[in-house]
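J.: Here it is, the structure in full.
The values are calculated or read from the model by the stated rules, or taken from the named source; none is laboratory data. Note that the coordinates shown come from a computational prediction; the quantities given were computed from them, not determined experimentally. Neighbour counts are summed over all protein chains in view; Cβ atoms, including those assigned to glycine, are modelled from backbone coordinates with ideal geometry. Please note that ligands, DNA and RNA were not included when accessible areas were found on the heavy atoms of the full protein model with its side chains. Shrake-Rupley method; radii C 1.70, N 1.55, O 1.52, S 1.80 Å.
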Amino acid sequence: MTFPPFKLERYYGEHEFTTPHMLSASDCETLSVGELLALAGTDFACLLDLRLGYTESQGDPALRRVIAGLGRQTDPDAVVVTNAPEEGVFLALSALVAQGDRVVVQWPCYQSLAEVARARGGEVIPWMVVPSSRGWRLDLGQLEELLAPGARLVVLNVPHNPTGLLPSQGDYRRVLELAAAAGARVFSDEMYRGLEPDPSARLPTATDLDGRAVTLWGTSKSFGLPGLRIGWLVIPDPDLRAAVVRLKDYTSICSSAPGELLARLALESAPALMERSRRIIDANLREAAAFMARREDLLEWCPPRAGPVGLARLRHGSAEAFCRRAREEAGVLLVPSTLFHFGDAHLRFGLGRARVPEALGALEAWLESSPAAG
């Protein structure tokens, strides 16, 4: 398998830790180890007593039980713990896609959701989200047409990065129905699950509705713990699950023992962590709305319906050029839509971190002092 450069990750690799103001992060405000242990009601002894041996390839059974408890119908045996969600993407798509398979991918997308399937020899077909008066939406008619020629897999991401789209219960269930009717499996990236402003709008996890589906979640986004590098797949199909575990023997073999322990403690406090993330996003959404209202001559804002990221459309000019100037002249890091192969007119804003108001202030000060910027 060969892969093109991962545009977004190379962009962050070059600029994330050298640009003063982050305004495009897709994760939520992090915690320290001490803060996490305090939330869990335990102390450092649990870490100091931990033996640093190999862990079980499929994941620590205690961690898998806690993960299973996050779904309504999840069996702990269906859970495969991975070293970061990205390993989960690689393993699942490697097991699901064969040469010549038609793979319909919700678009725009995190690049690996398409490129791993393409590297496996799959025919990747973009399924474009579309704008509407109420924000971004799924085009179910287009999906039905794309599935008709014999698609084998639908790659779904809800809540969606980078648009913040959250489909209705009816549209979501219809996606799964259309895939099942076409004989296609669904791989559902649910990394932003739990970040819906109204928890009653939360969608069922795909594996609760379709036993052939595969879902992805992890500690990086909803829980504000990307440094743990722990993700997981839920794979009810035992044959597919066995294939994924065999592939893992060629990647990480097993996960980090400290990472699994801290992930279990975090997920035992999952409601509190997700509520913390939602509070930060909600406060930043208000800040962003006020900023966008003041700069509506420059930007058309489509706030996320769920999750920490959303797209703003530049009313004129190049998003890539705007992001370069904002980074170099204002010290503000934004992501252009070119990094998602989605034209050159949108900017991704990330609203999950505590210092977003400071970053918005730096961006606005630059716009006011440099008329050419806007």
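J.: Quote the charge dipole size of the stretch 19-142 about the Cα centre in Debye, to the nearest 20; the model charges only the Cβ of Lys and Arg (+1) and of Asp and Glu (-1). Mind dumping the intermediate values first?
T.: Values: 9 positive and 15 negative charges, 98 e Å.
I would put it at about 480 debye.
J.: Projecting each Cα onto the charge dipole of the chain (Lys/Arg +1, Asp/Glu -1 at the beta carbon, about the Cα centre), which of V175, L203, L314 comes out farthest on the positive side?
T.: Among V175, L203, L314, the one farthest towards the positive end of the dipole of the chain is V175.
J.: As a test of reading the structure, rank E115, E196, E287, E296 by solvent-accessible area (1.4 Å probe, protein chains only), most first.
T.: E296, E287, E115, E196
J.: Here's a follow-up. Once the whole set of protein chains is in place, how much accessible area is left on F3, using a 1.4 Å probe, in Å² to the nearest 10?
T.: F3 has an accessible surface of roughly 100 Å² with all protein chains in place.
J.: Over the chain, what per residue volume does the convex hull of the Cα atoms give, in whole Å³?
T.: Per residue, the Cα convex hull of the chain comes to 133 Å³.
J.: Please give the Cα centre distance for the stretch 322-337 versus the stretch 117-185, rounded to the nearest Å.
T.: The stretch 322-337 and the stretch 117-185 have Cα centres separated by 31 Å.
J.: Can you give me the % of accessible surface on the chain that is carbon or sulfur? Probe 1.4 Å, all protein chains present, nothing else counted.
T.: Carbon and sulfur: 52 percent of the exposed surface of the chain.
J.: A further question on this structure: Over the chain, give the accessible area per residue in Å² for a 1.4 Å probe, as an integer.
T.: Accessible area per residue, the chain: 41 Å².
J.: For the chain, with a Gaussian network of springs between Cα atoms less than 10 Å apart, report the residue from L351, L233, L96 with the top mean-square fluctuation.
T.: L96
J.: Grab the other residues whose beta carbon is less than 10 angstrom from that of T163, score K and R as +1, D and E as -1, and report the net.
T.: Summing Lys and Arg as +1 and Asp and Glu as -1 gives +3.
J.: Per-residue accessible area for V66 at 1.4 Å probe radius, Å² rounded to 10?
T.: For V66, solvent-accessible area is about 30 Å².
J.: Still on this structure, please answer the following. Under a point-charge model restricted to the Cβ atoms of Lys and Arg (+1) and Asp and Glu (-1), what is the dipole moment magnitude of the chain relative to its Cα centre, in debye to the nearest 20?
T.: 300
J.: In terms of solvent-accessible area of protein heavy atoms at a 1.4 angstrom probe, what is the ranking of I280, I67, highest value first?
T.: I280, I67
J.: Give me the accessible area of D239, 1.4 Å probe, in Å² rounded to the nearest 10.
T.: Only protein atoms counted, so the area is about 120 Å².
J.: Hand me the chymotrypsin sites (Phe, Trp or Tyr not before Pro) from the stretch 219-275 located in a DSSP loop with no more than 16 other Cβ atoms within 10 Å, in residue order please.
T.: The qualifying sites are Y250.
J.: So, with +1 on the Cβ of K and R and -1 on the Cβ of D and E, and no other charges, what is the size of the charge dipole of the stretch 97-171 about its Cα centre, to the nearest 20 debye?
T.: Value, rounded to 20: 140 debye.
J.: Which longest run of the chain has no exposed loop site in it, a site being trypsin sites (Lys or Arg not before Pro) in a DSSP loop with at most 11 other beta carbons within 10 Å, and the site itself not part of the run?
T.: Result for the longest clean stretch: 135-374.
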